[in-house]
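**Q** Handing you a structure now.
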Amino acid sequence: MTVSLTTQNLAALCLATVHGGDPEKMIDSAADIMSAGTNQVTVLSDMKYGKYLKDCKAAACFIGENVAADDAPAHLVLLRCADPEMSFLTAVKTLYPEPAFEHQIAAQAVVDKSVKLGANVHIAAFSTIGKSSQIGDNSEIFASVNIGANVTIGKNCRIYPQVVIYDNTQIGDNVIIHSGSVIGADGFGYKFRNNQHVKVPHVGNVVIADNVEIGANTCIDRGALGSTTIGAGSKIDNLVQLGHNNKVGRNVIICGQSGISGSCTIEDGAILAGSSGVADHVTIGQRAVVMARSGISQDIAPGTQVFGSPAKDRKVAWKELAALSKLPELLKKFKALESRVEKLEK
């Protein structure tokens, strides 16, 4: 479901000013600058896409306040603003409102009588909530969610279908957990004794702070003795494995298919790109960047960017890769020189 607004009204909602075109033109959806049509709004936030502006068929385009747009078509309304990306996101949220539904406790849900529910909580069919758990105001538990005992979930949370939340997990406000994720399973800990793997008991829990989002099919293991913690504002992608006793700071980004072993510390603002692998007991410093498919076996200093496996400073790694690409040519030259030397020796 979408809504329609005049360009002028949309601009006002998105803190933009109207320049050129028809401010009364109706807008009913959004698209990228390459494919936007006559009743759509788009955005130019990166000048590498500036070449598409002159042929843009959109009704309106969010653009920076001081960005040159001399080749913009006459019909295109330029919506000048301080932050085109954020204004465009506001427009998308406005044009595509989330469907409203009535919050209720489904008859098919199983909620223990000791559970404390806040105001306006929604619990869909076939979800279960164990003893002494608490769900905060306006939180939504969708179908077939399994929530264990003594779990705390804050206000305005959204737990999508098929999520499993083990006992004693603590979740803050405004947290989103997508389908298929498992929060609080035992960590992967064993001791090898008498020619067998002896399981290490995991009696800790998982603590997730406010404004965290966890992608689909992600697993976050409970601590062996203490807590596995996720700091406020951190975002974890789909298909991430986060081992026991990890300490993830505030506003951390962990991209898909990354795996973090146990007892690691990932400090505030760090970024782990896709398919990163982190060995146990490693610290990744504040605002460090681990580039895609890198393997981390040692501590990473704050503010650095690393690449490769084992990871090293990205500039060094790239130089090594560039040199490696020349190896076949160097081998040919070496063989030619070797042949010349042999002839000279004869």
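**Q** Which count do you get for residues in segment 240-255 that are farther than 17 Å from residue 303 by Cα and crowded, with 19+ Cβ neighbours inside 10 Å?
**A** The total comes to 7.
**Q** Sticking with this one: Can you run down the residue pairs with Cβ atoms below 8 Å, 6 or more apart or on separate chains, where the first is in segment 303-323 and assigned by TED's automatic domain parsing to the domain that holds residue 259 and surrounded by 13 or more Cβ atoms within 10 Å (Cβ to Cβ) and the partner is of a type in the set (Gly, Ala, Ser) and assigned to a helix (DSSP H, G or I)?
**A** 306/317; 307/317; 308/317; 311/317
**Q** Can you tell me which residue within segment 292-302, out of those that are hydrophobic (A, V, I, L, M, F, W, C) and crowded, with 18+ Cβ neighbours inside 10 Å, is nearest to residue 188 (Cα to Cα)? Don't jump to the end; show me each part of the working.
**A** Applying the first criterion (hydrophobic (A, V, I, L, M, F, W, C)) to segment 292-302 yields 292, 296, 300-301.
Checking which are crowded, with 18+ Cβ neighbours inside 10 Å leaves us with 296, 300.
Working: 296: 19, 300: 24 Å.
Here the residue is 296.
**Q** Sticking with this structure for a sec: Just to be sure before I move on: is residue 339 over 18 Å from the mean Cα position of the chain (by Cα), under 28 Å from residue 208 (Cβ atoms) and either of a type in the set (Ser, Thr, Tyr) or assigned by TED's automatic domain parsing to the domain that holds residue 200 (or both) in the structure I sent?
**A** On the way: over 18 Å from the mean Cα position of the chain (by Cα): yes; under 28 Å from residue 208 (Cβ atoms): no; either of a type in the set (Ser, Thr, Tyr) or assigned by TED's automatic domain parsing to the domain that holds residue 200 (or both): yes.
Judged against the criteria, residue 339 is not a match.
**Q** Taking segment 264-273 as the search range and keeping residues that are outside any strand (DSSP E or B) and over 19 Å from residue 312 (Cβ atoms), which one is nearest to the chain's Cα centre (by Cα)? Outline the logic, then answer.
**A** Within segment 264-273, the first condition is being outside any strand (DSSP E or B), and the residues that meet it are 264, 267-270, 273.
In the following step, the residues that additionally are over 19 Å from residue 312 (Cβ atoms) were identified as 267-269.
Working: 267: 16, 268: 15, 269: 13 Å.
Among those that are outside any strand (DSSP E or B) and over 19 Å from residue 312 (Cβ atoms), it is 269.
**Q** Continuing with the same structure: Taking the criterion of being surrounded by 15 or more Cβ atoms within 10 Å (Cβ to Cβ), at pLDDT 95 or above and in a helix (DSSP H, G or I), would at least one residue in segment 101-118 satisfy it?
**A** no
**Q** Something else about it: Could you look through segment 198-213, keep only residues that are of a type in the set (A, V, I, L, M) and in a strand (DSSP E or B), and pick out the one that is nearest to residue 172 (Cα to Cα)?
**A** Applying the first criterion (of a type in the set (A, V, I, L, M)) to segment 198-213 yields 198, 200, 203, 206-209, 212.
After this cut, where a residue has to be in a strand (DSSP E or B) as well, the list is 198, 206-208.
Working: 198: 34, 206: 11, 207: 8, 208: 6 Å.
Among those that are of a type in the set (A, V, I, L, M) and in a strand (DSSP E or B), it is 208.
**Q** Moving on to the next point. Would you please name the residue that is farthest from the chain's Cα centre (by Cα), looking only at residues in segment 1-29 that are under 11 Å from residue 95 (Cβ atoms) and small (Gly, Ala, Ser)?
**A** Result: 4.
**Q** Could I ask something else about it? For residue 43, only one of the following conditions fails: (1) assigned to a loop (DSSP other than H, G, I, E, B); (2) within 25 Å of the chain's Cα centre (by Cα). What is its number?
**A** Every listed condition holds for residue 43 apart from (1).
**Q** If I ask for residues that are under 21 Å from residue 139 (Cβ atoms), surrounded by fewer than 23 Cβ atoms within 10 Å (Cβ to Cβ) and not small (Gly, Ala, Ser), which ones from segment 219-234 would you list?
**A** 229 - this is the single residue of segment 219-234 that is under 21 Å from residue 139 (Cβ atoms), surrounded by fewer than 23 Cβ atoms within 10 Å (Cβ to Cβ) and not small (Gly, Ala, Ser).
**Q** Then there is this: Inside segment 48-100, can you point out the residues that are surrounded by fewer than 18 Cβ atoms within 10 Å (Cβ to Cβ), assigned to a helix (DSSP H, G or I) and aromatic (Phe, Trp, Tyr)?
**A** Passing the criteria: 49, 52.
**Q** To continue, here is another question. In segment 119-150, what residues are touching a Lys or Arg at 6+ places or on another chain (Cβ under 9 Å), among the hydrophobic types (A, V, I, L, M, F, W, C) and not in a strand (DSSP E or B)?
**A** Those that are touching a Lys or Arg at 6+ places or on another chain (Cβ under 9 Å), among the hydrophobic types (A, V, I, L, M, F, W, C) and not in a strand (DSSP E or B): 142, 149.
Listed here are the residues, each with its yes/no results for (1) under 21 Å from residue 97 (Cβ atoms); (2) surrounded by fewer than 16 Cβ atoms within 10 Å (Cβ to Cβ); (3) of a type in the set (A, V, I, L, M); (4) modelled with pLDDT under 95.
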{"position": "18", "(1), (2), (3), (4)": "no, no, yes, no"}
{"position": "26", "(1), (2), (3), (4)": "yes, yes, yes, no"}
{"position": "36", "(1), (2), (3), (4)": "yes, no, yes, no"}
{"position": "43", "(1), (2), (3), (4)": "yes, no, yes, no"}
{"position": "46", "(1), (2), (3), (4)": "no, yes, no, yes"}
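**Q** I'd like to know if segment 93-108 contains one or more residues that are in contact (Cβ under 8 Å) with a residue 60 or more places away in the chain and of a type in the set (D, E, K, R).
**A** Here is the first cut: in segment 93-108, the residues in contact (Cβ under 8 Å) with a residue 60 or more places away in the chain are 94-97, 99.
Now narrow it down to the ones that are of a type in the set (D, E, K, R): none.
For segment 93-108, residues in contact (Cβ under 8 Å) with a residue 60 or more places away in the chain and of a type in the set (D, E, K, R): absent.
**Q** Do we have residue 180 as surrounded by fewer than 21 Cβ atoms within 10 Å (Cβ to Cβ) and over 25 Å from the mean Cα position of the chain (by Cα) here? Give the derivation first.
**A** Details: surrounded by fewer than 21 Cβ atoms within 10 Å (Cβ to Cβ): yes; over 25 Å from the mean Cα position of the chain (by Cα): no.
In short, no.
**Q** Given 151, 163, which one is under 20 Å from the mean Cα position of the chain (by Cα) and buried (at least 19 other Cβ atoms within 10 Å of the Cβ)? Show your work before the answer.
**A** Working: 151 fails: under 20 Å from the mean Cα position of the chain (by Cα).
When all the criteria are applied, what remains is 163.
The values are calculated or read from the model by the stated rules, or taken from the named source; none is laboratory data. Not measured: the values here are computed from a predicted model. Cβ sites come from the backbone with ideal geometry, for glycine too, and all protein chains shown count toward neighbours.
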